[in-house]
Amino acid sequence: MNDALVFDALRTPRGRGKSDGSLYEIRPIQLLKVTLQAIAQRNQLNTKMVDDVLIGCVSPIDDQGYNIAKAAVMYAGWDTGVSGMQINRFCASGLEAINLAAMKVRSGWDSLIVAGGVESMSRVPMGSDMGPLMYDPEIIHQIQYIPQGVSADLIATREGFTRDQLDRYALQSHQRAEQAQDNGRFARSTIPIYDQNGLLLLDKDEYLHRGTTLEILSDLPPAFSTYGEWGFDDLALQKYPDISKSNHVHTAGNSSGMVDGAALLLIGSRDIGKEAGLTPRARIISTATVSVEPTIMLTGAGPATEKALKIAGMTSKDINLWECNEAFASVVLQFQQELNIPDDILNVNGGSIAFGHPLGATGAMLLGTLLDEMERRDLQTGLVTLCVGGGMGVATIIERV
Amino acid sequence: MIYYQKDIDNIATLTLDMEGRSVNVINHEIREAFIPVIQHLQKEKRKGVLKGVILTSAKKTFLAGGDLEYLFHANDPKEIFRFAQEMKAFLRALESPGVPVVAAINGSAIGAGFEVALACHRRIAVDNPSIRLGLPEVELGLIPGGGGIIRLLWLLGIERAYPILSNGKRYAPKEALHIGIIDDLAHSEQDMLQQAKQWLLQTPEGRRPWDRADASIPEGNARQLKTAKLIRHLTARLAKESHPELPAPRSILKVLTEGSKVDFDTACRIESRYYTELVRSAQCKNMIKAFWFDTNYIKEGKDRPQGFGRFRPRKIGVIGAGLMGSGIALAALLNGKEVVLKDVSKLIADRGKEFVESRLKEKVARGELNIQQQQEVLSKITTTENAKDFESCDLVIEAVFENRMVKQKVTREAEDYLDDFSFFATNTISIPITKLAEATRKPAHYVGLHFFHPADEIPLVEIVQGEKTSDETIARAFDFVQSIRKTPIIVKDVWGFYAARVRNTYILEGITMLQEGYSPAMIENLGKQAGMPQGALSLADKLSLNMVLRYEKQAAEHYGPRYIQHPAVKVIQFMLEEVDRPGLKKRAGFYDYPMEGSPSLWSKLTDYYPSDGRKSRTQKELIERFLVAQVLEAVWCMQEGVIHSIPAANLGSIYGWGFPSFRGGVIQYIKDVGLDVFITNCKRLQRKHGQRFQLPSKTKQILRHDPALFQS
């Protein structure tokens, strides 16, 4: 079987996902175009050799609708022979695109694929695509489908995580993020975004709140208590009657932020790498998807990781560096506790709490960040995992080559 | 049935007057009668000899609801769907573009009756506060089936239509105008007809918004994000405010949501499909059983001792101007009685009157009373400190606090002024009537009338027959309770009577689970999931653990050597004796009750009763235990003659302590799960949890005949 090799990873900076964000004026297809052009240029790629472009996107409507993947491929001026497909596995869409690319390559039916994701949350807010899980009364009641923040609070309540614990974790994320940015750890893989006249719009992640302290974090109001009071807490208690009420401990400070961005990886077989003169950086060892109970929803990262490890014939001890998406602080704390992962090898450069979580793009960004850091630290193995809407979880293990 | 009359301005008046009935109802018959009439109207319109139509009623009511007897027995989905579609076709014909129709609403129009009004192009109602309008089908586990949901959707939009459809309210005309379900008020019937005619003369064609190409649903449909977000909010609120097994409010939201995305006639079919689903549901059948069949059985006086003439009390004496006394006074006043309210001083009695006044003001604000009626009601209450003022009362109810000496003292004072044609009632929850009667001179005329708090709202009264209470007094008490539009149930003078006795088994079962290692949160949540209004532990606190224990001790006394101690007793004794936590009054029970903020489960409870983390596997069984414990106690009550009929037991359980209405009440529960299944379940529970789940020996006999369903 072919190995699925990672040749390169690139991303845009993350812009604040609101109307005051630097990327708000930019259409998401533009973010993809720039990243596609950059990855082609940096690798001296003859785009004719690319079989497919897989793009994860969580709200594929409006600016992101009607198969943005193929649209972007054409807009970027790539060879007409390159196809494109947009996929949606919620927050793991970007990672899922990579995993799918790996599978295509390993099967031998495709040789070279660009995979990643895009999300402009400032222009296409979460839920804009209005599916039944969000807006259909019958589905919501039957599945007891609650907003993710309420699920995160439910995890914290059931695991006994206090507000202080969550805020401390958030503070660490901010501190690590600040340090990483100051030390230029992302410079190598981040493409600045310019307008059509070459005027700079954004060249580094801008969501980061520098100088955040525990005091600042602890002063923030709960972000999801209103949803809880509407009745989503009652819905949660229908499934989890073992708690008397949910503690609303998540805030804007210890949950991931809304941002805009895109990320891409170049994935292919050894043969195509030789043919195109590409140097492999890592090998995708295994991938896994799982699904867990959908009301608590965000506990899928652990089981996905276990499954990926099992497929790879590894144990958690064999992983040198970890990325678990910081969707909410309780998600990471619960995951860390479940797999007993040391603090100093998990989310070492901060994460979505500090930098923001551009939904469809995040999985691809995390894999790129992980690979850069593995190379910097000269470590062999790394794992990326994300909790996912609907109770799903996705994990990917890579190894440097 | 439908009288047709046309005036010189070519305005036809259709007057509904169903033969052999005191009210007009919607059934197959009236629908069929309408078809040729509508065809005739359309023909006349085409010929140019008809300007418009006024639809009104010759009865006191405009048009009452649908045929519940039919719906209770209907089960074939094809037939029910067709029934709903035919109803819609009839209303569609009435409103179809052409002849403008005004509903001239001279009396109440409820449910299907109001749907007819909604299918008219304009609704004008007489501003009479006793008229009620609305779509309260949810109360029977049902939804409108004649297109009423879709019409309100198009007239008002989702945000305004949803509460009207889901809160079960019947609106007075003023309120109805305010919320937009009628278009105008008239000060008299004549004015109503004149206004109707006026409007028809100015309106060349009747056409509903949904029949206009350019019209859309006010405030948008569910495809629009703003509306979708509102629906999500309403969906969440439903989880908070209504039990998952009450399907009707959920169906209303679904019909509004789905119906808003398609055209009117498709939306109507969607409504018919949900309607069919609900009509066939066990919950709906159970609710119709309780609120129609059982209620009618009680209303017809079948439990009332026979052979005594109807007692028509006019003037009521009430002793004690506390919350209970004032509530009783208010209930009597609102039903046209005169009330003499007595307390130790006139000053204190006046406080009761103030309470009455404030409640009346609220009713005026809601349009349920007008100022004149409010004054009239208020003029009927007098306050006093002198028992002599009871002289012309037809009955006196004592509602002073639970102390035997005090109760007996006030009874003796009042008795002197009552004649043989009246009776004296005590409102007690825990003192035996027979004991209280010892102090009276006329124990045959002495009876217990147990009102439930808040007395003006809870529609149930337990009539407690002491040893010497005569049948005639029971009959009078029955008539009195009915005359203030409450449901009377006759109960035996034993501990807790009926309601408190059965309710106690729910509390004891919850406390037992605590000792078995279930977490307190689980016990409380599953109690609510069973459909009970609150958790067993919080209910215990509210009543006080002393009271819970006292009932159980009285049971022990009653059964003597046959009594087997309930496992909950040890826990209660521990709470009372070891940790001194008797409940809400002391702000310490199973819960902590801080001066500020909401109560929370006592944190040390799990130190004494550790939870062993048993979870999902047993949840269904806990819910079952909560309900079956009550059901068995109710069957015992029937077997021991504590309560006399299945309808009384069912309604007593729903109104008295909030047994889930979607189960139809305690006895209907057995019918709902099926007698054989129920027996098997009890045996299983008995093996696991002991004698208290033993089936009473006469269960089958008791269930054999349900008098509410007996066709006489």
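Each value in this text was obtained by applying a stated rule to the coordinates, not by laboratory testing. This one's a predicted model, so the numbers in the text were calculated from it and none came from an experiment. Positions of Cβ are generated from backbone atoms using ideal geometry, with glycine treated the same way; all protein chains shown enter the neighbour counts.
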Practice task
Counting helices only, and only those DSSP H runs with n ≥ 4, report the 222 nm mean residue ellipticity of the protein assembly as shown as the sum of -39,500 (n - 2.57) divided by its residues, in deg cm²/dmol to the nearest 500.
Solution key: -13500 deg cm²/dmol
Exercise for the section: Could you pull out the trypsin sites (Lys or Arg not before Pro) across region B:609-686 that fall in loop regions by DSSP (anything but H, G, I, E, B) with no more than 16 other Cβ atoms inside 10 Å? Expected result: B:614, B:615
Handout entry: ³J(HN,Hα), Karplus 6.51/-1.76/1.60, whole Hz, each residue of region B:120-126, x for Gly, Pro
Key = 8, 7, 8, 10, 10, 10, 5
Practice task
Enumerate by residue number the trypsin sites (Lys or Arg not before Pro) in region B:145-198 meeting two conditions: DSSP loop (anything except H, G, I, E, B), and at most 12 other Cβ atoms within 10 Å of the site's Cβ.
Solution key: none
Exercise for the section: Please list, in chain and number order, the residues 5+ apart from residue A:8 or on another chain whose amide H is under 5 Å from its amide H, with Hs placed from the backbone. Expected result: A:266
Fill in the blank from the handout: Here the Cα Rg-to-2.2 N^0.38 Å ratio for chain B is 1.04
Fill in the blank from the handout: Pseudo-spin-label distance residue B:357 to residue B:49, built 7 Å along Cα→Cβ, given in nm, is 6.3
Completion exercise
Expected vector for region B:619-630, Karplus 3J(HN,Hα) from phi with 6.51, -1.76, 1.60 and θ = phi - 60°, integer Hz, x for Gly and Pro, equals 4, 4, 5, 5, 4, 4, 4, 3, 7, 5, 4, 6
Fill in the blank from the handout: With no solvent term and unit scatterers on the alpha-carbon positions of region A:13-155, Debye gives log₁₀ I(q)/I(0) at q = 0.17, 0.20, 0.22 Å⁻¹ of -0.98, -1.20, -1.34
Fill in the blank from the handout: Helix B:646-657 sits off the longest principal axis of the Cα atoms of chain B, rounded to the nearest 10 on a 0 to 90 degree scale, by 80
Problem - Computed E for residue B:419/residue B:365 - FRET, C-beta separation, R0 60 angstrom, nearest 0.05 - result: 0.90
Practice task
Please compute P(r) over all alpha-carbon pairs of chain A, binned at 20 Å starting from zero, and give each bin as a whole-number percent.
Solution key: 30, 60, 10, 0
Handout entry: Dipole magnitude (debye, nearest 20) for region B:499-704, charges at Cβ of Lys, Arg, Asp, Glu
Key = 600
Exercise for the section: Would you please calculate the Kirkwood hydrodynamic radius of region B:499-704 over all C-alpha pairs and express it in Å, rounded to one decimal? Expected result: 17.4
Practice task
Please list, in chain and number order, the residues 5+ apart from residue B:383 or on another chain whose amide H is under 5 Å from its amide H, with Hs placed from the backbone.
Solution key: B:341
Handout entry: Net length gained if the chain between residue B:213 and residue B:709 were fully extended (0.36 nm per residue, minus Cα distance)
Key = 173.6 nm
Handout entry: Those chymotrypsin sites (Phe, Trp or Tyr not before Pro) in region B:646-712 that DSSP places in a loop and that have at most 10 other beta carbons within 10 Å
Key = B:710
Practice task
Ignore the peptide's own chain and count Cβ atoms of other chains within 10 Å of each Cβ in B:518-529; give me the average, rounded.
Solution key: 4
Problem - Virtual paramagnetic centre 7 Å along Cα→Cβ of residue B:60, amide N under 17 Å, in region B:96-111 - result: B:106-110
Handout entry: Per-selection Rg to Rh, the protein assembly as shown - Cα, Kirkwood hydrodynamic radius
Key = 1.05
Problem - In sequence order, calculated HN-Hα J values of region A:5-17 (Karplus, 6.51, -1.76, 1.60; Hz; x Gly/Pro) - result: 9, 9, 8, 7, 8, 9, 8, 8, x, 8, x, 3, x
Fill in the blank from the handout: Across A:196, A:165, A:41, the residue with the highest GNM fluctuation in chain A (Cα network, 10 Å cutoff) is A:196
Handout entry: Nitroxide proxy distance, nm - points 7 Å out along Cα→Cβ at residue B:570 and residue B:70
Key = 5.9
Exercise for the section: Quick one: which residues, 5 or more positions from residue B:461 or on another chain, have an amide H under 5 Å from its amide H? H modelled 1.01 Å from N in the peptide plane, none for Pro or chain starts. Expected result: B:487, B:489
